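Data first, discussion second: the structure below is written as structure tokens.
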Amino acid sequence: MRWAEWMLRDDEYIRKDGVASLGYYELLEALEERGYIGLEHKEMPQLRAIMSGHLRFTKLLTDMALRKGGSAPKGRNSSLQVPTTRLEGPDLAAIGAMMVVGRALNLK
């Protein structure tokens, strides 16, 4: 569950700053951390498209979990204005599982 929470928080920061703010190696590392492998020969536009698809997918999962619980995120980092996803354990576990399954099925 910690991996899922860390990924969701990192995804929020990337959404805030924009995928274009990442350099080639930062983007490659971020994608590898999310389970994407064999991307070393991809061009920047392809890597950005993959990351953008991942960000849309995790945003959808997070929004669905928050709507299910009937609440907005419980915390906010005021200096960056990035909402912190304070989801309960079962929601984090479900999102983590969906991220792994989505990656295995190559969902974007």
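Please give, to one decimal in nm, the separation of the simple spin-label points placed at TYR24 and ALA93, each 7 Å out from Cα toward the Cβ. So the two model labels end up 4.3 nm from each other. Modelled spin-label separation between LEU105 and ASP63, with each label point placed 7 Å from Cα along the Cα-to-Cβ direction: 1.9 nm.
Between GLU33 and TRP6, the modelled label-to-label distance comes to 0.8 nm, taking each label 7 Å out from Cα in the direction of the beta carbon. Sorted largest first by accessible area at a 1.4 angstrom probe radius, with every protein chain in place, the residues TYR13, TYR25, TYR36 fall in the order TYR25, TYR13, TYR36. To the nearest 10, the accessible area of MET64 is 100 Å² with a 1.4 Å probe.
The values are calculated or read from the model by the stated rules, or taken from the named source; none is laboratory data. Since this is a predicted model, take the numbers as computed values, not measurements. Methodologically, a virtual Cβ is constructed for each residue, glycine included, from the backbone with ideal geometry; neighbour enumeration extends over all protein chains shown. Heavy atoms of the whole protein, side chains included, go into the accessibility calculation; ligands, DNA and RNA do not. Shrake-Rupley method; radii C 1.70, N 1.55, O 1.52, S 1.80 Å.
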